[in-house]
Amino acid sequence: MGEAPAFCNGNLQKEFANGNSLKSRRGGETATVVGDKTYVIEGSDVESTPLGVRIFDKSTAQWVHPVVLGTKPSACKGHSAVLLNEDRILIIKKGASPDDCTWFLELDTQYVRDQKTMRGGNTEVVAWSKGVRGKAEKPVVISGPSGVGKGTLISKLMDEYPSLFGFSVSHTTRAPRGMEKDGKHYHFTEKSVMEKEIKDGKFLEYASVHGNLYGTSIEAVEVVADEGKRCILDIDVQGARSVRGSPVEAIFVFICPPSMAELEKRLRARGTETEEQILKRLQNARAELEQGILSGLFDHILYNDKLEECYQRLKKLLGLDGSVGAAPKPVSRGIDLPVDHSVSKLDNKIIIDCGTPELEKASKNLIVLDVSCLNGGAPGRTRGLDLYAIDSFSDGLKEIR
Ligand code: ADP
Ligand code: 5GP
């Protein structure tokens with residue numbers, strides 16, 4: 001039997017049970033009570049050691065070391081913890097950079113429940129997800145047979161709107177073509193390495209295509225959204241189906257060739273595949289076209305006969321034809337969180353008291369973190385955080401955005 005935590009009694013426990021503001025204790029630890037379990041998040045002063053998690057289960061009086069999934073937050077000068085919706089803990093790191101200060105430890109979300117089930121149901125699982133301000137635009141999934149012109153259309157879009165779109169760099173086990181760069185066109189990888197990462201839950205989707213393994217890592221999509229850009233995925237129909245079945249909401253576009261003869265001409269003219277590979281790709285194209293057109297999987301089907309005309313139609317469906325307000329806008333970054341603070345919770349708002357003693361700063365010492373519109377979550381980022389300052393010295397409280 002493990003030793004009961006010192007903080008698991010008296011008023012402090014009541015305070016935790018209410019989901020109220022939790023103060024850092026015992027060298028940066030916080031404790032959050034959910035039912036019979038007390039989740040202890042262990043601080044760390046050592047840069048290379050991330051925050052740790054252990055659970056005290058009152059029903060068995062045992063300490064449990066859970067399986068901790070996701071990227072763990074790095075060490076910081078203490079942290080605050082607030083329980084949200086009984087299913088996740090919001091962590092606000094002290095002294096962290098603005099893009100690294102908000103994290104979520106998921107305790108009982110759908111993802112965590114699925115992961116527990118996968119492990120037989122008796123293993124404790126928690127998952128970290130980094131909090132990010134603002135919403136991400138819906139990703140655009142582009143599919144179509146090899147040689148139809150997906151890459152050409154995507155390049156045109158990225159060249160014309162470099163600040164609006166970012167490419168999801170897939171992983172593949174196929175060899176690079178002459179001009180292809182690792183990390184830019186693909187992450188070229190060993191099959192065994194990719195299979196291990198798939199098993200570790202790092203991929204949004206993956207499929208065997210023309211004899212090689214291809215996949216979109218969760219990180220590939222998240223880094224594009226982090227830049228405030230809309231993510232474009234060039235993936236096959238199997239991958240598109242997987243994304244459809246995932247929590248990611250996307251727009252699905254299928255590109256068709258004007259004819260099989262034209263597709264063959266384009267594939268051969270590209271000159272990047274051997275004769276054997278060309279034949280394999282052409283053979284697969286028939287099934288892909290059938291699925292693409294008949295499955296109802298895709299929101300839009302575009303015929304790429306004349307390149308420029310097809311490109312204009314693609315722009316139109318993405319709201320880039322001049323329609324006011326339709327085009328995606330880069331995400332606004334808002335204001336920075338303070339280095340030091342204390343926190344409390346009011347409904348869906350976390351009040352962060354920066355405690356600036358100087359008079360001239362005193363009018364802006366309250367910051368509100370609005371968590372009412374969260375979306376996403378582990379194994380990716382948690383988006384939709386909104387942050388604004390409150391002017392507490394004017395006529396009542398006033399937002400300063
Ligand atoms: P994918 O990415 O779908 O495999 P690519 O973008 O590499 O296809 O295009 C295959 C080849 O077809 C390239 O050489 C490209 O220049 C050419 N191509 C693309 N669209 C057209 C078009 N509308 N008309 C003629 N050739 C095209
Ligand atoms: P290529 O070898 O010509 O670059 O790509 C071959 C096929 O693999 C294309 O249909 C392309 O859309 C698909 N593909 C590329 N990346 C991914 C990926 O990450 N996932 C899936 N499912 N398919 C991909």
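The values are calculated or read from the model by the stated rules, or taken from the named source; none is laboratory data. Note that this is a predicted model, so its numbers are computed, not measured. Here the Cβ positions follow ideal geometry from the backbone for every residue, glycine too, while neighbour counts run over all protein chains shown. Ligands, DNA and RNA are excluded from the accessible area calculation, which covers all protein heavy atoms including side chains. Shrake-Rupley method; radii C 1.70, N 1.55, O 1.52, S 1.80 Å.
Here are a few things to note about the model shown:
- Within the range 208-235, restricting attention to residues that are farther than 18 Å from G147 by Cβ and of a type in the set (G, A, S), the residue that is farthest from ligand 1 (Cβ to nearest atom) is G228.
- Boolean, E180 is within 13 Å of ligand 2 (Cβ to nearest atom), open to solvent by 30 Å² or more (accessible area, probe 1.4 Å) and without any contact (Cβ under 8 Å) to a residue 12 or more places away in the chain: yes
- Test set (1) more than 17 Å from L320 (Cβ to Cβ); (2) away from ligand 1 (no atom under 16 Å from the Cβ) - G166 fails condition number: (1)
- Summed over the range 164-176, the residues that are within 8 Å of ligand 2 (Cβ to nearest atom) and in contact with a His (Cβ under 9 Å, 6 or more places away or on another chain) give a count of 4.
- The listed residue being away from ligand 2 (no atom under 12 Å from the Cβ), among the hydrophobic types (A, V, I, L, M, F, W, C), open to solvent by 10 Å² or more (accessible area, probe 1.4 Å) and free of Cβ contacts under 8 Å to residues at least 24 places away in the same chain, out of L297, L279: L279
- Qualifying residue in the range 215-227 (condition: assigned by TED's automatic domain parsing to the domain that holds D299, in a strand (DSSP E or B) and near ligand 2 (Cβ under 8 Å from one of its atoms)): yes
- Residues considered: G334, G380. Of these, the only one that is on the phi > 0 side of the Ramachandran plot and either open to solvent by less than 20 Å² (accessible area, probe 1.4 Å) or modelled with pLDDT under 90 (or both) is G334.
- Selection of the range 203-225 for residues being open to solvent by 30 Å² or more (accessible area, probe 1.4 Å) and more than 20 Å from V237 (Cα to Cα) yields E219, V223.
- Residue match in the range 192-205 (condition: in a loop (DSSP other than H, G, I, E, B) and modelled with pLDDT of 95 or more): no
Every residue, every condition in (1) on the phi > 0 side of the Ramachandran plot; (2) touching a Gly at 6+ places or on another chain (Cβ under 8 Å); (3) touching a residue at least 24 places away in the same chain (Cβ under 8 Å), yes or no:
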site: M194; (1), (2), (3): no, yes, no
site: A207; (1), (2), (3): no, yes, yes
site: N284; (1), (2), (3): no, no, yes
site: D305; (1), (2), (3): no, no, yes
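- Yes/no for E222 being over 28 Å from R383 (Cβ atoms) and under 21 Å from the mean Cα position of the chain (by Cα): no
- Failed item in (1) among the charged types (D, E, K, R); (2) away from ligand 1 (no atom under 16 Å from the Cβ); (3) touching a residue at least 12 places away in the same chain (Cβ under 8 Å), with K116 passing the rest: (3)
- Any hit, the range 346-365, residues being at pLDDT below 85, crowded, with 19+ Cβ neighbours inside 10 Å and not in a helix (DSSP H, G or I): yes
- Test result for T189, open to solvent by less than 40 Å² (accessible area, probe 1.4 Å) and away from ligand 1 (no atom under 12 Å from the Cβ): yes
- Only one of the numbered conditions (1) closer than 24 Å to L317 by Cα; (2) open to solvent by 70 Å² or more (accessible area, probe 1.4 Å); (3) not aliphatic (A, V, I, L, M) is violated by F254, and that is (2).
- Set side by side, the residues A250, A285, A269, A261 differ, and just one is within 30 Å of V112 (Cα to Cα) and modelled with pLDDT of 95 or more, which is A250.
- Only a single item in (1) open to solvent by 30 Å² or more (accessible area, probe 1.4 Å); (2) over 23 Å from the mean Cα position of the chain (by Cα); (3) of a type outside the set (V, I, T); (4) at negative phi is not met by R174, and it is number (1).
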